[in-house]
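The block underneath contains the structure these notes are about, expressed in structure tokens.
The values are calculated or read from the model by the stated rules, or taken from the named source; none is laboratory data. Source: prediction; values computed, not measured. Every residue, glycine as well, gets a Cβ built from its backbone with ideal geometry; the counts of neighbours run over all protein chains shown.
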Ligand SMILES: Nc1ncnc2c1ncn2[C@@H]1O[C@H](COP(=O)(O)OP(=O)(O)OP(=O)(O)O)[C@@H](O)[C@H]1O
Ligand SMILES: [Mg+2]
């Protein structure tokens with residue numbers, strides 16, 4: 001499972017996908033593609049509300065892709081479609097494809113739990129279980145998906161906490177409640193939880209929006225490190241943050257991709273007037 005499954009979604013499960021006829025893209029295409037994850041002709045609805053409209057975009061492997069756009073443009077919905085979280089929302093459905101590692105994650109026979117393990121997610125507000133210990137919080141996703149010994153589990157927990165840049169701050173209080181950490185530490189704890197299941201892609205929905213500047217900087221430094229091993233997709237409303245951390249930027253408006261490309265191009269020489277207006281802070 002992805003860490004924090006269901007943390008901000010209703011509990012209902014609605015079988016949803018209707019466009020699952022194609023399983024794999026040609027092997028040759030997969031072999032030459034540097035895209036880790038790509039949406040192809042994605043449409044998503046909440047009931048009758050059409051939220052993503054024939055959307056195509058991709059995120060390159062071992063790099064950071066920022067999703068920017070005004071509130072309600074569909075950024076969170078898009079990343080929830082990437083790891084099959086969208087279908088967990090009551091009344092939600094989608095059509096189209098999400099190609100990951102050469103296959104459509106919505107192809108028949110694909111296990112959503114496996115997709116969520118490989119494509120992990122971190123939400124906007126840190127959501128550790130407050131009374132569960134720091135170590136238990138880190139490994140709780142792992143416990144659900146694997147059968148590791150206590151020693152192996154602890155080692156995986158330590159490794160994840162190190163990768164999340166939190167180990168030094170918590171190594172002496174691994175058995176204390178997760179709720180006792182600061183906001184910035186809790187956010188890194190949630191990142192550690194996502195990393196503990198060894199995902200290949202990390203989706204982050206505004207991971208620093210509730211943090212002070214110091215904690216925000218730590219998260220950004222961490223993202224910079226993570227991209228050497230993972231594909232990172234980050235949703236952000238902070239334009240400076242996008243320019244600091246993202247290699248590529250995708251600008252969304254009303255469920256469509258208006259423009260995408262290298263971050264410096266999107267911010268300094270966008271080709272669409274709407275992109276320019278947005279990145280200059282003229283709307284949204
Ligand atoms: N669970 C839900 N049920 C019904 N409608 C929803 C649900 N979640 C999102 N929506 C609607 O889908 C549209 C896209 O929402 P989404 O959360 O993807 O936008 P966003 O770009 O992430 O916005 P923000 O920047 O405010 O987080 C909005 O109109 C929103 O109201
Ligand atoms: Mg959102």
From (1) away from ligand 1 (no atom under 16 Å from the Cβ); (2) at pLDDT 95 or above, pick out the condition that doesn't hold for residue 141. (2)
Do we find a residue being in contact (Cβ under 8 Å) with a residue 60 or more places away in the chain, closer than 23 Å to residue 261 by Cβ, outside any loop (DSSP other than H, G, I, E, B) and within 9 Å of ligand 1 (Cβ to nearest atom) anywhere in the range 45-63? yes
Being within 16 Å of ligand 1 (Cβ to nearest atom) and under 11 Å from the mean Cα position of the chain (by Cα) is the filter; apply it to the range 197-213 and report the residue that is modelled with the lowest pLDDT. 207
Out of (1) modelled with pLDDT under 95; (2) in contact with a helix residue (DSSP H, G or I) (Cβ under 7 Å, 6 or more places away or on another chain); (3) on the phi < 0 side of the Ramachandran plot, the odd one out for residue 124 is which? (2)
Candidates 243, 216 - the one that is part of a helix (DSSP H, G or I) and modelled with pLDDT of 95 or more: 243
Does any residue of the range 41-48 turn out to be surrounded by 23 or more Cβ atoms within 10 Å (Cβ to Cβ) and at pLDDT 95 or above? yes
Taking the range 219-240 and keeping residues over 14 Å from residue 60 (Cα atoms) and in a helix (DSSP H, G or I) leaves 219, 220, 221, 222, 223, 224, 225, 239, 240
Quick check on residue 142: is it surrounded by 19 or more Cβ atoms within 10 Å (Cβ to Cβ) and over 17 Å from residue 226 (Cβ atoms)? yes
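One line per residue, one yes/no per condition, for (1) exposed (fewer than 14 other Cβ atoms within 10 Å of the Cβ); (2) over 20 Å from the mean Cα position of the chain (by Cα); (3) not in a helix (DSSP H, G or I):
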{"site": "78", "(1), (2), (3)": "no, no, no"}
{"site": "98", "(1), (2), (3)": "no, no, yes"}
{"site": "109", "(1), (2), (3)": "yes, yes, yes"}
{"site": "116", "(1), (2), (3)": "no, no, no"}
{"site": "124", "(1), (2), (3)": "no, no, yes"}
{"site": "131", "(1), (2), (3)": "yes, yes, yes"}
{"site": "135", "(1), (2), (3)": "no, yes, no"}
{"site": "152", "(1), (2), (3)": "yes, yes, no"}
{"site": "161", "(1), (2), (3)": "no, no, no"}
Condition (residue is outside any loop (DSSP other than H, G, I, E, B) and either within 14 Å of residue 98 (Cβ to Cβ) or at pLDDT below 95 (or both)) applied to the range 14-24: is it met by at least one residue? yes
Tally the residues that are within 23 Å of residue 198 (Cα to Cα) and under 14 Å from the mean Cα position of the chain (by Cα), restricting the search to the range 227-254. 8
Would you point out the residue of the range 73-95, among those that are in contact (Cβ under 8 Å) with a residue 40 or more places away in the chain and at positive phi, that is nearest to ligand 1 (Cβ to nearest atom)? 74
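Listed here are the residues, each with its yes/no results for (1) closer than 29 Å to residue 140 by Cβ; (2) in contact (Cβ under 8 Å) with a residue 60 or more places away in the chain; (3) buried (at least 22 other Cβ atoms within 10 Å of the Cβ).
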{"residue": "191", "(1), (2), (3)": "yes, yes, yes"}
{"residue": "200", "(1), (2), (3)": "yes, yes, no"}
{"residue": "206", "(1), (2), (3)": "yes, yes, no"}
{"residue": "215", "(1), (2), (3)": "yes, no, no"}
{"residue": "228", "(1), (2), (3)": "yes, yes, no"}
{"residue": "236", "(1), (2), (3)": "yes, yes, yes"}
{"residue": "249", "(1), (2), (3)": "no, yes, yes"}
{"residue": "253", "(1), (2), (3)": "no, yes, no"}
Hey, residue 56 within 16 Å of ligand 2 (Cβ to nearest atom), modelled with pLDDT of 95 or more, surrounded by fewer than 18 Cβ atoms within 10 Å (Cβ to Cβ) and within 24 Å of residue 232 (Cα to Cα) or not: no
Take the residues in the range 80-96 that are more than 16 Å from ligand 2 (Cβ to nearest atom) and part of a loop (DSSP other than H, G, I, E, B), then tell me which one is nearest to residue 200 (Cα to Cα). 84
So residue 174 fits all but one of (1) outside any helix (DSSP H, G or I); (2) more than 16 Å from ligand 2 (Cβ to nearest atom); (3) crowded, with 16+ Cβ neighbours inside 10 Å; (4) at pLDDT below 95; what number is the exception? (4)
